[in-house]
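The values are calculated or read from the model by the stated rules, or taken from the named source; none is laboratory data. All figures in this text were calculated on a predicted structure; none of them were measured in a lab. Every residue, glycine as well, gets a Cβ built from its backbone with ideal geometry; the counts of neighbours run over all protein chains shown. For the accessible areas, the whole protein counts, side chains as well, though only heavy atoms, and no ligand, DNA or RNA atoms are used. Shrake-Rupley method; radii C 1.70, N 1.55, O 1.52, S 1.80 Å.
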Amino acid sequence: MTLLDILPSLRSAMTPRLDPDLWPVTTHVDELGRITVGGVALCDVADQFGTPTYLLDERDVRYRCRVYRDTFPEAEIAYAGKALLTRAVAAWIADEGLSLDVCSAGELAIALSAGVDPRRIILHGNVKTSADLTAARSARVGRIVVDSPTEITMLSASSAPRQNVLVRVTPGVDAGTHRAVTTGIDDQKFGFPLAHDQAVDAIRRILGQPRLNLIGLHCHLGSQIVDTECYGVALDRLIATMAQVRLDHGTILTQLNLGGGHGVSYRAGDPALDPSALAETIEDVLDDACARHRFPRPRIVLEPGRAITARAGVTVYRVVSVKQVRGGRTFVCVDGGMSDNPRVALYGARYTVALANRHSTAPTTPVTVAGRYCESGDEIAVDTSLPGDVRPGDVLAVPVTGAYHHSLASTYNAVGRPPVVAAAAGAVRELVRRETIADLLGRDVGR
Ligand SMILES: Cc1ncc(COP(=O)(O)O)c(C=O)c1O
């Protein structure tokens, strides 16, 4: 008989609590059993900034940027700001040598106010309003990715200087991702399908516009892609199209933007996209397709969003109540939920939750971590487990919440959005403050 048989609670005490694939690179558990990120205890963050709070590990963001630059030394890496954009994040990624994708005048304003070089900004979006286009052109952004026939008309009519553009095409590749984020197939709202010559027609129109300088093609296949093969198929089709453009118009397009969509794990064991496997696929397909079409290798541009910032983020909540339904589940209810993390309701996303303020030796028990909002679907983690002694006042942490959380947050139930804070080298600082009731009332101007 071992000690573990005599004291079964030791088993849960000994299981490693934090999976390095999910938690930011600087995560530790201190001698008091508290989870720390960037040298700061998450329960101290909860005390200082309130809950919920989005915490970012600056070192993790910078580390992911470097992994991409090292893995794709010849490519341009443009961070997709829609995943998470604050002035500090924009400055970090620019500092690490990445370019930046924006998809609205608002994202552009954040980037510019952080000092990002406009020449390194790419404007995206299937609906770019005239305000978006005007802001982008007056800032002299480096590239605009054209997404609709109307946009060609709007851009051509402008009196601004000649603009470098790419055409977004849909290469007819189904990356097998959630329907809401599948964008490489023909029958959806983004881009011009390669099928039925729609992309070729758009290219012809743009080439006929003296104010537009077509430099390349763009595609984005979807999000949470883990298999690199679909990128290879798309790349092959785009090189063939570029070769056709040269044949038809004598124009050599020099950039090929393969979009983002690189998947990350949200729970232990989830598959993730391996950037070096992607680099290998791109190299092989480029070699082969460019040789086959005798086409000069274009500059590859990649646009990872989630893969840069998702794992740097941890959301910190406080437990408000624990409710056991007789014959049903145990609900651990926290002070946040679907307005700070809509991904569960949107995509059926699943998360891991950890007790962050103390080390418990109580055996773990299955629980549903539920939010505060007025919908029964407001659940943060459905089939997770926590120590059986979890109680009101405890601090819970949810990893992999750096991307598409702050940027997707709402004010449902008139609850202000959480702050974003950054931890580095034992210090924590506020990047975006909490939205207050005064902020909400300030917008409500009618009587
Ligand atoms: C054009 C474009 N590029 C890049 C991305 C980033 O995707 P992800 O965050 O999944 O890498 C998106 C996401 O929607 C996108 O639309």
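Tabulated values for the structure
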quantity: Cα→Cβ-extended label distance, 7 Å offset, between L207 and Y347, nm; calculated: 3.7 nm
quantity: Under 28 Å from K323, Cα to Cα: lysines that are on another chain or at least 8 residues apart; calculated: none
quantity: Sites D44 and S376 - FRET efficiency at Förster radius 35 Å, r taken between beta-carbons, to 0.05; calculated: 0.60
quantity: All aspartates and glutamates inside 19 Å of K82 as judged from Cα atoms, apart from same-chain residues fewer than 8 positions distant; calculated: D57, E58, D60, D95, E96, D101, E107, D117, D132, D147, E303, D340
quantity: Region 86-234 shape via C-alpha gyration tensor axes, a/c threshold 1.5; calculated: oblate
quantity: Relative contact order of the chain, defined on C-alpha pairs under 8 angstrom at six or more residues apart (%); calculated: 20 percent
quantity: Region 58-310 shape via C-alpha gyration tensor axes, a/c threshold 1.5; calculated: oblate
quantity: Helical contribution to [θ] at 222 nm, DSSP H n ≥ 4, -39,500 (n - 2.57), averaged over the chain, rounded to 500; calculated: -8500 deg cm²/dmol
quantity: Per residue solvent-accessible surface (Å²) - the chain, probe of 1.4 Å; calculated: 44 Å²
quantity: Linear extension gain, R246 paired with Q198, 0.36 nm per residue minus alpha-carbon span; calculated: 15.6 nm
quantity: Computed over region 222-295: relative contact order in percent, which uses C-alpha pairs under 8 Å that are six or more apart; calculated: 46 percent
quantity: Pairs of alpha carbons in the chain whose separation is greater than 29 Å (percent); calculated: 50 percent
quantity: Helical segments meeting 24 Å axial Cα length and Kyte-Doolittle -1.0 threshold in the chain (DSSP H); calculated: 229-249, 275-293
quantity: Ordering of 129-137, 320-328, 199-207 by burial proxy (mean other Cβ atoms within 10 Å per residue, highest first); calculated: 199-207, 129-137, 320-328
quantity: Rounded to 5, the percent of DSSP beta bridges in region 58-310 classed as antiparallel; calculated: 5 percent
